1. Applying a 10 Å radius around every beta-carbon, put 34-45, 123-134 in order of their mean neighbour count, most first.
2. By per-residue mean of other Cβ atoms within 10 Å, what is the highest-first order of 216-226, 11-21, 252-262?
3. Once you have the alpha carbon radius of gyration of region 6-150, what is it after dividing by 2.2 N^0.38 Å, with N set to its residue count?
4. When all C-alpha to C-alpha distances in region 86-173 are sorted into bins of 10 Å, what percent of pairs does each bin hold, rounded to whole numbers?
5. Explain nothing, just the number: relative contact order of the chain, from Cα pairs under 8 Å at least 6 residues apart, as a whole percent.
6. Suppose we look only past 14 Å in the calculated P(r) of region 1-50. What percent of the Cα-Cα pairs does that tail hold?
7. Which translational diffusion coefficient, to the nearest whole µm²/s, is obtained for region 29-106 from the Stokes-Einstein equation, given a Kirkwood hydrodynamic radius over C-alpha pairs, 37 °C and 0.692 mPa s?
8. Along the three principal axes, how long is region 205-276 when you take its alpha carbons, biggest first, rounded to the nearest angstrom?
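Please treat every number below as a calculation from the coordinates, not as lab data. The structure displayed is predicted, hence computed values, not measured ones. Cβ atoms come from the backbone with ideal geometry, glycine included; neighbour counts cover every protein chain shown.
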Amino acid sequence: MSKSLDPLRDRFRGVLLGTHCGDALGMPVEGWTADQIRSEFGLLNNMSHGRLARGSFTDDTEMTLALAQALVDGQGGFEEQQLARTFAEHLHASRGYGRNTLAILFEVRDRVPWELAVRRKGQTGGSHGNGAAMRVAPVALAAFGDADRLRDLAVRQARVTGHGHPDALFGAQLQALAVMRALQLGLAGRPLGGRAFLSELLQELPEVPAPRFSAALSWLLDHWDAPATAVVAQVGVGVYIGASLPVALWAALTADPAEGAEGMVVRTVNLGGDADTTGAMAGALAGAYYGAAGLPVRWLKALEGGKNARDRIEQLADALWVQDEGRQAGGATTL
């Protein structure tokens with residue numbers, strides 16, 4: 001990765017590449033406990049084989065890139081039915097999609113309108129899983145510098161796959177805002193700030209919708225220096241958005257700054273649980289702050305598809321960056 005690349009452009013690339021890196025690192029240990037990971041790997045910090053080949057992406061990256069493509073095609077926005085079709089066109093069921101998301105997208109593939117597909121196949125009250133947050137990172141790029149637009153896009157993309165539960169909607173907004181703020185801080189050369197970073201994000205969002213989600217965030221803010229074992233025991237690392245996202249943010253934000261992007265992702269993945277998804281979310285955050293140039297070269301070289309796949313990801317990021325440059329020229333601000 002060229003060190004001379006425009007810093008903003010490099011960070012746009014970092015968000016998408018970091019998602020893939022975190023996803024691929026966590027893929028082999030999805031569903032494992034931290035003790036099982038430690039027993040098998042000591043510290044998992046290199047790509048490994050799992051249910052998919054070494055360096056493979058899961059539905060986390062596949063949907064992230066599909067969302068990025070829809071945002072590029074829509075000049076920084078999307079129409080919901082077109083986004084649903086884009087998700088369906090890029091879908092490979094073997095990548096590990098959630099049951100309801102898969103059923104909804106199969107309906108869309110059969111030309112069923114997305115809202116009807118969600119009513120037929122979605123969960124009553126909407127899913128509160130982490131599927132909407134795991135893929136939301138491109139929204140931070142398409143709406144860079146515009147928090148209101150970011151929140152709107154984050155919510156709308158969530159509903160397309162039935163993630164309409166208030167917790168899922170809040171989580172998608174929180175993750176998108178975290179990526180955007182990390183990118184801005186990295187660009188400005190300022191520290192992430194740990195607990196203060198999370199606290200400030202929460203002040204920019206509506207009230208946390210569910211007691212369980214709110215309690216997890218409050219506990220983390222009150223026990224920021226707790227050991228990882230206590231955090232996992234108290235908050236959890238499963239697919240519920242109010243567990244996996246708070247823990248992913250905590251792990252990434254408490255990583256040793258001297259270990260850079262790698263430390264943020266490795267610390268997160270080694271907690272276990274829904275490790276490909278927490279890894280993807282932490283990877284987006286790490287890539288936003290440190291840029292693609294800050295991601296380990298050995299990880300980038302190990303990613304599925306090799307250089308051609310990396311080039312495609314960079315092209316998507318570059319297209320979003322060009323759109324952002326156009327908005328800045330039109331008078332938008334980034335800070």
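1. Details: 34-45: 14.2, 123-134: 23.7.
Highest-to-lowest ranking by the protection proxy: 123-134, 34-45.
2. Values: 216-226: 16.0, 11-21: 30.5, 252-262: 17.8.
Listed from highest to lowest mean packing, they are 11-21, 252-262, 216-226.
3. Details: Rg = 16.7 Å, N = 145, 2.2 N^0.38 = 14.6 Å.
Scaled against compact globular proteins, the figure is 1.15.
4. Going from the shortest bin to the longest, the percentages are 19, 49, 29, 3.
5. 33
6. Details: 736 of 1225 pairs.
Counting pairs separated by more than 14 Å, the tail of P(r) holds 60 percent.
7. Details: Rh = 14.5 Å.
This corresponds to a translational diffusion coefficient of 227 µm²/s.
8. Rounded to whole Å, the extents work out to 34, 23, 22 Å.
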